[in-house]
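What follows is a set of notes on a single structure, which appears directly below.
The values are calculated or read from the model by the stated rules, or taken from the named source; none is laboratory data. Please read these numbers as outputs of a predicted model, since none were measured by experiment. A quick note on method: Cβ atoms are made from the backbone with ideal geometry, for glycine too, and the neighbour counts reach across all protein chains shown.
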Ligand SMILES: Cc1cc2nc3c(=O)[nH]c(=O)nc-3n(C[C@H](O)[C@H](O)[C@H](O)COP(=O)(O)OP(=O)(O)OC[C@H]3O[C@@H](n4cnc5c(N)ncnc54)[C@H](O)[C@@H]3O)c2cc1C
């Protein structure tokens, strides 16, 4: 998505969505920056959205802004789109306690479903229009005399009484320095910036690392790649994934009786 003052963003409503609330949602972009705000929150992933919703419920809805460098909500779940990307804890737990989702189609949901869930939650809880998209916080300094934060962003500056950081621990892909790597002639990319235009079918693929992401995309990639080489320094433990579809012949109890999902949450494992 390019930056444009007149663009209307289509947040996704994807085929196969099980939730009737997943309608296309357009938000005007980008939100004008105020000269001063009570609360500035960095990031619109789980942390930033949850904080903004909680503060809105406490009466601060008109005095907060979310600064988000991307063009869409979701953080981790917007950025990562590698094959097989999904939650590795049960979705009944990996969701806001105040926004249970009876429409998960699998017990360990895929990335597109989680991204849609976050978009929908932001909209339904009234914080979508509090987000200044395409707005990266570049510098923050505390003015002790005026008791305000001076915030410099990619779209201008503002001051804030409170600054809350929800920028994520894993939002910056880390690419280690490997001798000789810069002269490698093949295509390279980080799993957090998956190059979907590069077809791996029949290709020789080298994967570095065996963290949670590799564990998810390796089984997908190896099906079509010609050869796969996996470079592993520290072997991780991998437990069986007890994923199962939630869609069956009849509606889930939680779709008919939403309170059952709240009751089952403490017992989900
Ligand atoms: C591939 C992957 C799979 C994962 N799976 C799981 C899982 O199954 N279970 C689990 O518990 N955890 C998982 N995690 C961890 C996951 O990151 C956290 O659970 C959670 O989503 C983090 O949310 P967050 O809002 O703190 O950060 P993020 O989701 O990273 O969001 C941070 C946001 O801040 C924005 N931002 C950062 N810096 C700036 C700036 N300077 N200015 C403006 N905006 C900024 C970013 O653009 C981003 O939108 C996974 C992580 C990854 C990468």
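Between residues in the range 149-177 that are under 30 Å from residue 231 (Cβ atoms) and residues that are in a loop (DSSP other than H, G, I, E, B) and within 11 Å of the ligand (Cβ to nearest atom), which pairs lie under 7 Å by C-beta distance while being six or more apart or on different chains?
167/43; 168/43; 168/45; 168/75; 171/75; 173/190; 175/190
Here's a check for you: in the range 78-114, which residue that is within 9 Å of the ligand (Cβ to nearest atom) and outside any loop (DSSP other than H, G, I, E, B) is farthest from residue 195 (Cα to Cα)?
114
Select, from 73, 7, the only residue that is more than 20 Å from residue 105 (Cα to Cα), surrounded by 14 or more Cβ atoms within 10 Å (Cβ to Cβ) and modelled with pLDDT under 95.
7
Take the residues in the range 137-158 that are under 20 Å from residue 30 (Cα atoms) and crowded, with 16+ Cβ neighbours inside 10 Å, then tell me which one is farthest from the chain's Cα centre (by Cα).
158
Only one of these is over 25 Å from residue 96 (Cα atoms) and at pLDDT below 85: 250, 226. Name it.
250
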